[in-house]
Amino acid sequence: MSESCKVSAERRGDVAILRTDGYINNQGGEEIAREAYAQLEGGARALVLNLEKTRIVNSIGISILIEVLEKVMDRKGMLAFCGLTPTIDKTFRIMGLAQYAEIYPTQEDALRGVNPQPA
Amino acid sequence: MSQGGSAPPGLAREVSMTIPVAPEMEIVATAQAAALGEYIAMTRDKIDEVKLALVEACINAFEHAECRDEQLHLTFRLGRDESREWLEVEVMDKGKGFNSAQVEEPSIEKSFVSHRKRGWGLQIIKSLMDEVEITSGVGGTRILMRKYK
């Protein structure tokens, strides 16, 4: 019955892409935080959270994502989300996450967003 | 779980279930909400909103209600209001109750300066559902929420 969230990470330069698969509750949120902090400690400047394989993020999971956001902001880094379902997108906006982190439709859009090209 | 049979037009059809207060039982409940939403051809996005609202109602009760029977009692109803069909979910616990007027409005800015980053459940429920009614007292709490197709 468990829908525990799996988290995988990929590094592209100083950007870490974290992909989730499954329900993000307290355990899923902690799994994401663990991986995110490891990536930040390892020198990542920006985190892209790809949630395209997640359909539910509960408020406990989001509260842990807010902690990750705080840590990224403390380091003057960037946090971007992509692949959100309309419900997750709406929930992030209700909770104000969208004011402090960028939301992009796709992973490629998010990577472009955290790696702005010089004019 | 008990299921109501075919009801006369205008009357709700309902399904009841009881879940234990245990990790991830809220996901068991969402399967029932999804099945009923699909039955009335509700869009997947609206079903997802009902599912998340239900998850929030369940975990609120799991965390705060201190249910005497260690159970949540859920009823799912399908009905029609004038020309619109709806899915209604009722979540009842026999816990200690709470005063919803005293629940502080959350904000991300408050979360940033506080160790406690929680307390978003009711806000999410109210934002995702079309109608929400909360009744709470010493006998427990009842959250009734409706989503139109």
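Could you check B:Asp93 against (1) of a type in the set (Asp, Glu); (2) over 23 Å from B:Ala29 (Cβ atoms); (3) more than 14 Å from chain A (Cβ to nearest Cβ) and say which number it fails?
(2)
State all residues of region B:52-94 that are out of contact with any helix residue (DSSP H, G or I) (no Cβ under 9 Å at 6 or more places or on another chain), among the small types (Gly, Ala, Ser) and under 16 Å from B:Glu131 (Cβ atoms); if no residue qualifies, say none.
B:Gly79
How many residues does region A:54-97 contain that are facing chain B (nearest Cβ under 10 Å), farther than 23 Å from B:Ile47 by Cα and free of Cβ contacts under 8 Å to residues at least 12 places away in the same chain?
1
Exactly one condition in (1) at pLDDT 95 or above; (2) in contact with an Asp or Glu (Cβ under 9 Å, 6 or more places away or on another chain); (3) within 14 Å of chain A (Cβ to nearest Cβ) is not met by B:Trp86; state its number.
Every listed condition holds for B:Trp86 apart from (3).
Would you please name the residue that is surrounded by the fewest Cβ atoms within 10 Å (Cβ to Cβ), looking only at residues in region B:79-112 that are in a loop (DSSP other than H, G, I, E, B) and polar (S, T, N, Q)? Spell out how you get there, then give the answer.
Filtering region B:79-112 for residues in a loop (DSSP other than H, G, I, E, B) gives B:82-83, B:94-99, B:103-107.
So of that shortlist, the ones also polar (S, T, N, Q) come out as B:83, B:99, B:107.
Values: B:Ser83: 5, B:Asn99: 8, B:Ser107: 13.
If we take residues in region B:79-112 being in a loop (DSSP other than H, G, I, E, B) and polar (S, T, N, Q), then B:Ser83 is surrounded by the fewest Cβ atoms within 10 Å (Cβ to Cβ).
Report, by residue number, each residue of region A:20-53 that is within 14 Å of another protein chain (Cβ to nearest Cβ) and surrounded by 23 or more Cβ atoms within 10 Å (Cβ to Cβ).
Selection gives A:Ile24, A:Asn25, A:Gly28, A:Gly29, A:Leu51.
Restricting to region A:1-19, name every residue that is of a type in the set (Asp, Glu) and crowded, with 16+ Cβ neighbours inside 10 Å.
The one that is of a type in the set (Asp, Glu) and crowded, with 16+ Cβ neighbours inside 10 Å: A:Glu3.
Please go through (1) facing chain A (nearest Cβ under 8 Å); (2) farther than 12 Å from A:Met95 by Cα for B:Ser111 and return the number of the only condition it doesn't satisfy.
Unmet for B:Ser111, out of (1) facing chain A (nearest Cβ under 8 Å); (2) farther than 12 Å from A:Met95 by Cα: (2).
The values are calculated or read from the model by the stated rules, or taken from the named source; none is laboratory data. Everything numeric in this text was worked out from a predicted model, so none of it was measured. As a convention, Cβ positions derive from the backbone with ideal geometry for all residues, glycine included, and neighbour counts pool all protein chains shown.
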